[in-house]
Structure formats: structure tokens, C-alpha cells
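Q: Got a structure for you, questions after.
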Amino acid sequence: VEGKLSPLQAEGVALATTRFNRVFTSNTAGSVQQSGAVQRAGFFLGDGAGIGKGRQIAATIRDAFCRNHGRGRQLWISTSRELVEDAKRDLKDVCCYVDVHDGVDLLGKSGASGKGLGVGGGLGKGV
């Protein structure tokens, strides 16, 4: 997105999208995967505070959304509930207009067991 990312941020997005587009044809044991199963490479963004990790994540999500013509799933996980508004802002700033769901609201609401999203209710707020 022209003018929305610094050169350092654009480099991080380019590295991430290159990794995410790498598809593996076998698992770590060397055996061929099931028909239709796809494993993709991951990417760790370890920039320091104030570099714009949120903007890089938003641009990477926008790239995936555009490449897949709006199909597929993108998941942004944060340790802080307060960062939801920052995520919405970053997505808007890179012209990625997608719904943002705060998963913390879902915890503890599914099923009689009191577990939501496969996580027990013993976690602290914002985790």
C-alpha cells in the first residue's frame, strides 16, 4: 500500500508474505500429506516497540485477503485486549476493510463445560 508503510515495514511484509506463500508437500517426518492438506511456512515478527508491528500484520492480512479473493482465514492473536482498537486502526490505515472480532468475548460462553474456543475459564482477562 503506497505511502502507508515505511521501507522497514514494507520489507517485513515482503518477507512475511514470501514465507506464507511457501507450501510444503511433506511433513517433518518426510511422509506425503493427505490429499488436499496444505502446510505453509510461518514467520516471526520480532521488531521492537514502536516499529509498527501492527501495521505490518495488517498489511500482511490485506495481502492474503487480496491473493485469496476474500476467501480463507486470517487470525491475529494478541496478548492484550486493548490492542483490538489498534488492530482496527491499522487495518483501516492499509485499506483493509474486514470485520474484526474480539475473541475474548467468546471465552467461557460455549457449551456446558464453561470452555470457549477450547480454553478453560481459568485464564486471566486479556489472554
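Q: For region 33-86, what class follows from the C-alpha gyration tensor (a ≥ b ≥ c being the square roots of its eigenvalues): rounded when a/c is under 1.5, otherwise prolate if a/b is larger than b/c, else oblate?
A: Working: a/c = 2.15, a/b = 1.81, b/c = 1.19.
Prolate, because a/c is 1.5 or more and a/b exceeds b/c.
Q: Which loop-located chymotrypsin sites (Phe, Trp or Tyr not before Pro) does region 44-89 contain, where loop means any DSSP state but H, G, I, E or B and the Cβ has at most 14 other Cβ atoms within 10 Å? Each step should come with its number before you reach the end.
A: Working: sites: PHE44, PHE65, TRP76; in loops: PHE44, TRP76.
Here the sparse-neighbourhood loop sites are PHE44.
Q: Quick one: which residues, 5 or more positions from GLN39 or on another chain, have an amide H under 5 Å from its amide H? H modelled 1.01 Å from N in the peptide plane, none for Pro or chain starts.
A: HN-HN under 5 Å from GLN39: PHE24.
Read-outs: derived from the displayed coordinates by stated rules, not from any lab. No experiment lies behind these values; they were computed from the predicted model shown. Note that each Cβ is placed from the backbone with ideal geometry, even for glycine, and that neighbours are counted across all protein chains shown.
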